[in-house]
Amino acid sequence: MTAAIFASEAGADVTLIERNDRLGKKLLITGKGRCNVTNNSDINTHIENTPTNPRFMYTALNNFTPQDVMEFFESLGVPLKTERGDRVFPVSDKAGDICGALKRRINRLGVNVITARAEKVISSDDGFTVTANGKELHCNAVILATGGVSYPLTGSTGDGYKFAKSLGHTIIEAKPSLVPVECEEKWIKEAMGLSLRNVSLTVKDGDKEVFFEQGEMLLTHFGVSGPLVLSASSHMKGLGSKKFGMFIDLKPALDFDTLDKRLQSDFSKNINRDFINSLGELLPAKLIPIIVRLSGIDGRCKCNSITREERHKLVSLLKALPLTAKKFRPIDEAIITSGGVNVKEISPKTMESKIVPGLYFAGEIIDVDAYTGGFNLQIAFSTARLAAESAACEW
(Lines give C-alpha, C1' and ligand atoms only; values in the text may rest on other atoms or scores of the structure.)
Protein backbone atom coordinates (compact mmCIF):
# COMPACT_ATOMS: atom_id res chain seq x y z
CA MET A 1 0.00 0.00 0.00
CA THR A 2 2.81 2.40 0.86
CA ALA A 3 4.62 1.63 -2.39
CA ALA A 4 1.39 2.18 -4.36
CA ILE A 5 0.83 5.56 -2.69
CA PHE A 6 4.30 6.95 -3.35
CA ALA A 7 4.47 5.61 -6.91
CA SER A 8 1.10 7.22 -7.64
CA GLU A 9 2.14 10.50 -6.02
CA ALA A 10 5.25 10.44 -8.23
CA GLY A 11 3.00 10.36 -11.30
CA ALA A 12 2.82 6.67 -12.17
CA ASP A 13 -0.34 4.83 -13.19
CA VAL A 14 -0.43 2.17 -10.46
CA THR A 15 -2.16 -1.18 -10.17
CA LEU A 16 -1.99 -2.95 -6.82
CA ILE A 17 -2.61 -6.70 -6.88
CA GLU A 18 -3.89 -7.96 -3.50
CA ARG A 19 -4.46 -11.68 -3.03
CA ASN A 20 -6.55 -11.26 0.16
CA ASP A 21 -10.16 -10.14 0.21
CA ARG A 22 -9.05 -6.90 1.89
CA LEU A 23 -5.96 -4.73 2.02
CA GLY A 24 -3.64 -4.72 5.02
CA LYS A 25 -4.63 -8.04 6.54
CA LYS A 26 -1.16 -8.61 8.01
CA LEU A 27 -0.78 -4.99 9.11
CA LEU A 28 -3.92 -5.33 11.22
CA ILE A 29 -2.32 -7.93 13.52
CA THR A 30 1.02 -6.18 14.04
CA GLY A 31 1.87 -5.02 17.55
CA LYS A 32 -0.88 -7.23 18.99
CA GLY A 33 -3.40 -5.30 16.94
CA ARG A 34 -1.98 -1.92 17.98
CA CYS A 35 0.54 -1.53 15.11
CA ASN A 36 4.01 -0.50 16.26
CA VAL A 37 4.49 1.85 13.30
CA THR A 38 8.16 2.70 13.82
CA ASN A 39 10.73 3.48 16.49
CA ASN A 40 11.15 7.16 17.38
CA SER A 41 14.96 7.09 17.29
CA ASP A 42 17.76 8.06 14.94
CA ILE A 43 18.89 6.11 11.90
CA ASN A 44 21.96 4.71 13.67
CA THR A 45 19.68 3.13 16.28
CA HIS A 46 17.66 1.50 13.52
CA ILE A 47 20.85 0.20 11.90
CA GLU A 48 22.05 -1.19 15.25
CA ASN A 49 18.72 -3.01 15.62
CA THR A 50 18.98 -4.61 12.18
CA PRO A 51 21.19 -7.71 12.56
CA THR A 52 20.77 -8.91 8.97
CA ASN A 53 22.39 -6.76 6.25
CA PRO A 54 22.07 -3.44 8.11
CA ARG A 55 24.33 -1.44 5.74
CA PHE A 56 21.94 -2.18 2.88
CA MET A 57 19.37 0.03 4.64
CA TYR A 58 21.31 3.31 4.87
CA THR A 59 19.95 4.97 1.72
CA ALA A 60 16.36 3.81 2.26
CA LEU A 61 16.31 4.97 5.89
CA ASN A 62 17.80 8.34 5.01
CA ASN A 63 15.28 8.75 2.19
CA PHE A 64 12.32 8.04 4.50
CA THR A 65 13.35 8.39 8.14
CA PRO A 66 11.42 7.27 11.24
CA GLN A 67 10.41 10.90 11.75
CA ASP A 68 9.24 11.08 8.12
CA VAL A 69 7.10 7.99 8.69
CA MET A 70 5.52 9.60 11.74
CA GLU A 71 4.82 12.83 9.86
CA PHE A 72 3.39 10.81 6.95
CA PHE A 73 0.80 9.02 9.07
CA GLU A 74 -0.11 12.10 11.07
CA SER A 75 -0.64 13.93 7.76
CA LEU A 76 -3.07 11.13 6.88
CA GLY A 77 -5.04 11.90 10.03
CA VAL A 78 -3.60 9.35 12.46
CA PRO A 79 -2.21 10.91 15.67
CA LEU A 80 0.71 8.94 17.09
CA LYS A 81 2.33 8.46 20.50
CA THR A 82 5.74 7.24 21.66
CA GLU A 83 5.91 4.63 24.42
CA ARG A 84 8.61 2.74 26.31
CA GLY A 85 11.59 1.83 24.18
CA ASP A 86 10.68 4.66 21.74
CA ARG A 87 8.00 2.44 20.18
CA VAL A 88 5.46 4.43 18.19
CA PHE A 89 1.75 3.53 18.11
CA PRO A 90 -1.44 5.26 16.99
CA VAL A 91 -3.01 7.15 19.91
CA SER A 92 -6.11 5.00 19.45
CA ASP A 93 -4.06 1.77 19.90
CA LYS A 94 -5.82 0.47 16.78
CA ALA A 95 -3.88 -0.95 13.83
CA GLY A 96 -7.06 -0.43 11.84
CA ASP A 97 -6.48 3.33 11.93
CA ILE A 98 -3.11 2.93 10.17
CA CYS A 99 -4.56 0.53 7.65
CA GLY A 100 -7.61 2.71 7.06
CA ALA A 101 -5.47 5.79 6.46
CA LEU A 102 -3.46 3.98 3.78
CA LYS A 103 -6.64 2.68 2.13
CA ARG A 104 -8.20 6.14 2.02
CA ARG A 105 -5.08 7.62 0.45
CA ILE A 106 -5.00 4.86 -2.15
CA ASN A 107 -8.63 5.54 -3.02
CA ARG A 108 -8.09 9.30 -3.29
CA LEU A 109 -5.13 8.77 -5.61
CA GLY A 110 -7.15 6.47 -7.84
CA VAL A 111 -4.88 3.46 -7.51
CA ASN A 112 -6.36 0.48 -9.35
CA VAL A 113 -6.73 -2.32 -6.77
CA ILE A 114 -7.25 -5.82 -8.14
CA THR A 115 -8.27 -8.62 -5.77
CA ALA A 116 -6.45 -11.59 -7.25
CA ARG A 117 -3.48 -13.86 -6.64
CA ALA A 118 -0.50 -13.10 -8.85
CA GLU A 119 0.59 -16.32 -10.49
CA LYS A 120 3.46 -15.38 -12.76
CA VAL A 121 5.78 -12.45 -13.55
CA ILE A 122 7.54 -12.47 -16.92
CA SER A 123 10.12 -9.94 -18.07
CA SER A 124 10.61 -8.95 -21.70
CA ASP A 125 12.24 -6.15 -23.71
CA ASP A 126 9.06 -4.05 -23.56
CA GLY A 127 8.34 -4.44 -19.85
CA PHE A 128 6.59 -7.04 -17.75
CA THR A 129 3.59 -9.32 -17.98
CA VAL A 130 1.93 -10.23 -14.70
CA THR A 131 -0.60 -13.05 -14.71
CA ALA A 132 -3.26 -12.87 -11.99
CA ASN A 133 -6.29 -15.16 -11.89
CA GLY A 134 -5.60 -16.12 -15.49
CA LYS A 135 -5.57 -12.53 -16.78
CA GLU A 136 -2.46 -10.77 -18.08
CA LEU A 137 -1.45 -7.25 -17.08
CA HIS A 138 1.32 -5.37 -18.89
CA CYS A 139 3.48 -2.79 -17.13
CA ASN A 140 6.77 -0.91 -17.31
CA ALA A 141 7.88 -1.77 -13.78
CA VAL A 142 7.02 -4.24 -11.04
CA ILE A 143 7.48 -3.88 -7.28
CA LEU A 144 7.45 -7.17 -5.38
CA ALA A 145 6.17 -6.42 -1.87
CA THR A 146 4.74 -9.81 -1.00
CA GLY A 147 6.28 -10.30 2.45
CA GLY A 148 8.04 -13.48 3.56
CA VAL A 149 6.49 -16.72 4.78
CA SER A 150 5.49 -15.79 8.33
CA TYR A 151 1.76 -15.67 9.13
CA PRO A 152 0.71 -17.46 5.91
CA LEU A 153 -2.98 -17.01 6.72
CA THR A 154 -2.47 -13.30 5.95
CA GLY A 155 -1.20 -14.12 2.47
CA SER A 156 2.55 -14.37 3.11
CA THR A 157 3.18 -17.75 1.53
CA GLY A 158 6.43 -17.07 -0.30
CA ASP A 159 4.97 -16.18 -3.70
CA GLY A 160 7.43 -13.32 -4.05
CA TYR A 161 10.37 -15.67 -3.61
CA LYS A 162 9.02 -17.80 -6.44
CA PHE A 163 8.66 -14.80 -8.75
CA ALA A 164 12.13 -13.46 -7.90
CA LYS A 165 13.74 -16.85 -8.41
CA SER A 166 12.02 -17.31 -11.78
CA LEU A 167 13.51 -13.96 -12.82
CA GLY A 168 17.04 -15.06 -11.92
CA HIS A 169 17.41 -13.97 -8.31
CA THR A 170 19.07 -15.92 -5.49
CA ILE A 171 16.89 -16.58 -2.45
CA ILE A 172 18.55 -16.84 0.95
CA GLU A 173 16.80 -19.66 2.81
CA ALA A 174 13.85 -18.38 4.81
CA LYS A 175 14.05 -18.98 8.55
CA PRO A 176 11.86 -17.82 11.43
CA SER A 177 12.86 -14.62 13.22
CA LEU A 178 11.13 -13.06 16.22
CA VAL A 179 9.58 -16.42 17.05
CA PRO A 180 8.47 -18.31 20.19
CA VAL A 181 10.87 -20.92 21.59
CA GLU A 182 10.28 -24.51 22.65
CA CYS A 183 11.93 -25.63 25.89
CA GLU A 184 12.93 -29.01 27.31
CA GLU A 185 11.61 -28.56 30.84
CA LYS A 186 8.41 -30.47 31.61
CA TRP A 187 7.26 -28.07 34.34
CA ILE A 188 6.55 -25.38 31.75
CA LYS A 189 3.16 -26.95 30.95
CA GLU A 190 2.06 -26.43 34.56
CA ALA A 191 2.62 -22.69 34.15
CA MET A 192 1.09 -22.32 30.68
CA GLY A 193 -0.74 -19.06 30.21
CA LEU A 194 1.25 -17.27 32.92
CA SER A 195 2.42 -13.82 31.87
CA LEU A 196 5.55 -12.58 33.61
CA ARG A 197 5.91 -8.80 33.78
CA ASN A 198 8.95 -6.78 34.83
CA VAL A 199 11.30 -9.74 34.61
CA SER A 200 14.64 -9.96 32.86
CA LEU A 201 15.79 -12.66 30.48
CA THR A 202 19.39 -13.72 29.88
CA VAL A 203 20.27 -16.11 27.05
CA LYS A 204 23.59 -17.94 26.94
CA ASP A 205 25.34 -19.91 24.24
CA GLY A 206 27.43 -22.08 26.52
CA ASP A 207 29.15 -19.58 28.83
CA LYS A 208 28.73 -16.67 26.39
CA GLU A 209 25.88 -14.24 27.05
CA VAL A 210 24.13 -13.43 23.75
CA PHE A 211 21.06 -11.59 25.02
CA PHE A 212 19.88 -9.66 28.07
CA GLU A 213 16.79 -7.48 28.40
CA GLN A 214 14.03 -6.62 30.85
CA GLY A 215 10.34 -6.71 29.97
CA GLU A 216 7.50 -9.20 29.58
CA MET A 217 7.26 -12.84 28.55
CA LEU A 218 4.70 -15.61 28.44
CA LEU A 219 4.96 -19.24 29.59
CA THR A 220 3.16 -21.62 27.23
CA HIS A 221 2.48 -25.33 26.82
CA PHE A 222 5.56 -25.69 24.59
CA GLY A 223 7.97 -23.21 26.16
CA VAL A 224 8.14 -19.42 26.12
CA SER A 225 6.85 -16.52 24.03
CA GLY A 226 6.14 -12.81 24.45
CA PRO A 227 8.18 -9.67 23.66
CA LEU A 228 11.35 -10.67 25.54
CA VAL A 229 11.49 -14.10 23.91
CA LEU A 230 10.74 -12.81 20.42
CA SER A 231 13.62 -10.35 20.73
CA ALA A 232 15.91 -13.01 22.17
CA SER A 233 15.18 -15.43 19.32
CA SER A 234 17.02 -13.18 16.86
CA HIS A 235 20.22 -13.76 18.86
CA MET A 236 19.89 -17.54 19.07
CA LYS A 237 21.72 -18.44 15.89
CA GLY A 238 21.83 -22.17 15.23
CA LEU A 239 19.09 -23.14 17.70
CA GLY A 240 17.98 -26.63 16.75
CA SER A 241 21.45 -27.85 15.92
CA LYS A 242 22.48 -26.70 19.40
CA LYS A 243 20.77 -25.61 22.60
CA PHE A 244 20.77 -22.33 24.50
CA GLY A 245 20.38 -21.64 28.21
CA MET A 246 17.64 -19.18 29.16
CA PHE A 247 17.57 -17.64 32.64
CA ILE A 248 14.64 -15.66 34.02
CA ASP A 249 15.28 -13.17 36.80
CA LEU A 250 11.89 -13.01 38.49
CA LYS A 251 12.95 -10.06 40.68
CA PRO A 252 15.38 -7.92 38.65
CA ALA A 253 14.75 -4.85 40.85
CA LEU A 254 16.25 -6.68 43.85
CA ASP A 255 19.88 -7.78 44.02
CA PHE A 256 20.80 -11.07 45.73
CA ASP A 257 21.21 -9.62 49.23
CA THR A 258 18.06 -7.49 49.07
CA LEU A 259 15.99 -10.45 47.89
CA ASP A 260 17.51 -12.61 50.62
CA LYS A 261 16.41 -10.05 53.23
CA ARG A 262 12.95 -9.96 51.67
CA LEU A 263 12.70 -13.75 52.01
CA GLN A 264 13.85 -13.59 55.63
CA SER A 265 11.14 -11.03 56.31
CA ASP A 266 8.48 -13.16 54.60
CA PHE A 267 9.61 -16.26 56.52
CA SER A 268 9.49 -14.31 59.80
CA LYS A 269 5.90 -13.26 59.11
CA ASN A 270 5.03 -16.89 58.30
CA ILE A 271 7.32 -18.49 60.88
CA ASN A 272 5.01 -21.40 61.76
CA ARG A 273 3.49 -21.86 58.31
CA ASP A 274 4.50 -24.37 55.66
CA PHE A 275 7.10 -23.11 53.19
CA ILE A 276 4.72 -23.57 50.23
CA ASN A 277 2.25 -21.18 51.89
CA SER A 278 4.78 -18.41 52.51
CA LEU A 279 5.44 -17.24 48.95
CA GLY A 280 2.07 -15.72 48.07
CA GLU A 281 3.28 -12.12 48.28
CA LEU A 282 6.40 -12.83 46.25
CA LEU A 283 5.30 -15.03 43.34
CA PRO A 284 2.28 -15.73 41.10
CA ALA A 285 0.23 -18.62 42.49
CA LYS A 286 0.83 -20.76 39.40
CA LEU A 287 4.57 -20.54 39.83
CA ILE A 288 4.76 -21.32 43.56
CA PRO A 289 4.56 -25.16 43.46
CA ILE A 290 7.07 -25.18 40.61
CA ILE A 291 9.58 -22.98 42.45
CA VAL A 292 9.12 -25.02 45.63
CA ARG A 293 9.85 -28.24 43.75
CA LEU A 294 12.85 -26.81 41.91
CA SER A 295 14.29 -25.38 45.13
CA GLY A 296 14.56 -28.83 46.65
CA ILE A 297 12.96 -27.58 49.86
CA ASP A 298 10.11 -29.69 51.24
CA GLY A 299 6.92 -27.66 50.69
CA ARG A 300 5.58 -28.81 54.08
CA CYS A 301 8.72 -27.72 55.85
CA LYS A 302 8.04 -24.92 58.38
CA CYS A 303 9.57 -21.57 57.48
CA ASN A 304 11.45 -21.41 60.78
CA SER A 305 13.38 -24.58 59.91
CA ILE A 306 14.66 -23.47 56.49
CA THR A 307 18.44 -23.19 56.60
CA ARG A 308 20.54 -20.29 55.32
CA GLU A 309 21.96 -22.55 52.63
CA GLU A 310 18.47 -23.54 51.44
CA ARG A 311 17.35 -19.91 51.44
CA HIS A 312 20.36 -18.84 49.37
CA LYS A 313 19.67 -21.63 46.89
CA LEU A 314 16.10 -20.32 46.61
CA VAL A 315 17.34 -16.76 46.00
CA SER A 316 19.64 -18.03 43.25
CA LEU A 317 16.70 -19.83 41.66
CA LEU A 318 14.52 -16.72 41.73
CA LYS A 319 17.32 -14.66 40.20
CA ALA A 320 18.05 -17.18 37.43
CA LEU A 321 15.18 -19.60 36.82
CA PRO A 322 16.72 -21.90 34.19
CA LEU A 323 15.19 -23.12 30.94
CA THR A 324 16.75 -25.01 28.06
CA ALA A 325 15.82 -23.75 24.59
CA LYS A 326 15.77 -26.64 22.13
CA LYS A 327 14.15 -25.25 18.96
CA PHE A 328 12.09 -22.47 17.42
CA ARG A 329 8.38 -22.83 16.79
CA PRO A 330 7.36 -23.31 13.12
CA ILE A 331 8.03 -20.44 10.73
CA ASP A 332 4.31 -19.76 10.31
CA GLU A 333 4.29 -18.64 13.97
CA ALA A 334 7.17 -16.21 13.45
CA ILE A 335 6.58 -12.46 13.46
CA ILE A 336 8.94 -12.00 10.53
CA THR A 337 11.03 -14.02 8.12
CA SER A 338 14.81 -13.97 8.09
CA GLY A 339 16.07 -14.64 4.57
CA GLY A 340 14.74 -13.65 1.17
CA VAL A 341 16.11 -12.03 -1.97
CA ASN A 342 19.90 -11.66 -1.76
CA VAL A 343 20.74 -7.97 -1.14
CA LYS A 344 23.84 -8.30 -3.35
CA GLU A 345 21.43 -8.52 -6.29
CA ILE A 346 19.49 -5.36 -5.36
CA SER A 347 20.66 -1.75 -5.65
CA PRO A 348 20.45 -0.19 -2.16
CA LYS A 349 20.08 3.26 -3.78
CA THR A 350 16.90 2.39 -5.71
CA MET A 351 15.70 -1.08 -4.57
CA GLU A 352 15.96 -2.09 -8.24
CA SER A 353 17.12 -5.53 -9.30
CA LYS A 354 20.67 -5.63 -10.61
CA ILE A 355 19.60 -8.57 -12.77
CA VAL A 356 16.27 -7.44 -14.26
CA PRO A 357 15.84 -3.70 -15.03
CA GLY A 358 12.44 -2.42 -13.93
CA LEU A 359 12.04 -5.00 -11.16
CA TYR A 360 11.98 -3.60 -7.61
CA PHE A 361 11.69 -5.03 -4.12
CA ALA A 362 10.20 -3.73 -0.86
CA GLY A 363 9.77 -5.05 2.64
CA GLU A 364 10.19 -8.51 4.07
CA ILE A 365 10.85 -10.19 0.73
CA ILE A 366 14.37 -8.70 0.98
CA ASP A 367 16.96 -10.47 3.15
CA VAL A 368 16.88 -7.76 5.84
CA ASP A 369 15.27 -8.17 9.26
CA ALA A 370 15.39 -6.40 12.60
CA TYR A 371 14.50 -6.78 16.25
CA THR A 372 11.11 -5.93 17.74
CA GLY A 373 10.27 -2.31 18.48
CA GLY A 374 8.91 -0.93 15.19
CA PHE A 375 12.15 -1.48 13.27
CA ASN A 376 10.72 -4.01 10.80
CA LEU A 377 7.77 -1.85 9.76
CA GLN A 378 10.21 1.04 9.29
CA ILE A 379 12.20 -1.20 6.92
CA ALA A 380 8.98 -1.95 5.04
CA PHE A 381 7.98 1.71 4.72
CA SER A 382 11.47 2.97 3.81
CA THR A 383 12.15 0.34 1.15
CA ALA A 384 8.62 0.79 -0.22
CA ARG A 385 9.02 4.52 -0.72
CA LEU A 386 12.47 4.19 -2.31
CA ALA A 387 11.28 1.41 -4.63
CA ALA A 388 8.13 3.36 -5.53
CA GLU A 389 9.85 6.62 -6.39
CA SER A 390 12.51 4.76 -8.38
CA ALA A 391 9.94 2.62 -10.22
CA ALA A 392 7.84 5.70 -11.06
CA CYS A 393 10.74 6.92 -13.20
CA GLU A 394 10.01 3.98 -15.52
CA TRP A 395 6.61 5.59 -16.14
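The values are calculated or read from the model by the stated rules, or taken from the named source; none is laboratory data. The model shown is predicted, which means the values in this text are computed figures rather than measured ones. Cβ placement follows ideal geometry from the backbone for every residue including glycine, while neighbour counts extend to all protein chains displayed.
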Q) So which residues in the stretch 266-298 are under 17 Å from Lys319 (Cβ atoms) and exposed (fewer than 14 other Cβ atoms within 10 Å of the Cβ), if there are any at all? A) Gly296
Q. Restricting attention to the stretch 25-44, and to residues there that are in contact (Cβ under 8 Å) with a residue 24 or more places away in the chain and assigned to a helix (DSSP H, G or I), which single residue is surrounded by the fewest Cβ atoms within 10 Å (Cβ to Cβ)?
A. Gly33
Q: State yes or no: is Gly193 at pLDDT below 95, under 24 Å from the mean Cα position of the chain (by Cα), of a type outside the set (Ser, Thr, Tyr) and under 30 Å from Gly226 (Cβ atoms)?
A: no
(Q) On the basis of being over 26 Å from Ser75 (Cα atoms), surrounded by fewer than 18 Cβ atoms within 10 Å (Cβ to Cβ), hydroxyl-bearing (Ser, Thr, Tyr) and touching a residue at least 24 places away in the same chain (Cβ under 8 Å), does Thr129 make the cut? (A) no
(Q) Quick check on the stretch 341-361. Is at least one of its residues under 30 Å from Met57 (Cα atoms), touching a residue at least 60 places away in the same chain (Cβ under 8 Å), crowded, with 22+ Cβ neighbours inside 10 Å and under 21 Å from the mean Cα position of the chain (by Cα)? (A) yes
Q) Hey, does the stretch 158-167 have a residue that's part of a loop (DSSP other than H, G, I, E, B) and in contact (Cβ under 8 Å) with a residue 40 or more places away in the chain? A) yes
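Residue-by-condition table, conditions (1) part of a helix (DSSP H, G or I); (2) in contact (Cβ under 8 Å) with a residue 60 or more places away in the chain; (3) touching a His at 6+ places or on another chain (Cβ under 8 Å); (4) not assigned by TED's automatic domain parsing to the domain that holds Phe222:
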{"site": "Arg262", "(1), (2), (3), (4)": "yes, no, no, no"}
{"site": "Ala285", "(1), (2), (3), (4)": "no, no, no, no"}
{"site": "Pro289", "(1), (2), (3), (4)": "yes, yes, no, no"}
{"site": "Val315", "(1), (2), (3), (4)": "yes, no, no, no"}
Q.
So in the stretch 215-230, with the set limited to residues that are in contact (Cβ under 8 Å) with a residue 60 or more places away in the chain and crowded, with 21+ Cβ neighbours inside 10 Å, which one is nearest to Thr30 (Cα to Cα)?
A. Leu230
**Q.** Filter result (modelled with pLDDT of 95 or more, surrounded by 14 or more Cβ atoms within 10 Å (Cβ to Cβ) and farther than 18 Å from Ala388 by Cα) within the stretch 133-158
**A.** Leu137
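Rundown of residues vs (1) more than 19 Å from Ala7 (Cα to Cα); (2) at pLDDT below 95; (3) touching a helix residue (DSSP H, G or I) at 6+ places or on another chain (Cβ under 7 Å); (4) surrounded by fewer than 16 Cβ atoms within 10 Å (Cβ to Cβ), yes/no style:
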{"site": "Asn62", "(1), (2), (3), (4)": "no, no, yes, yes"}
{"site": "Glu74", "(1), (2), (3), (4)": "yes, no, no, yes"}
{"site": "Glu83", "(1), (2), (3), (4)": "yes, no, no, yes"}
{"site": "Lys94", "(1), (2), (3), (4)": "yes, no, no, no"}
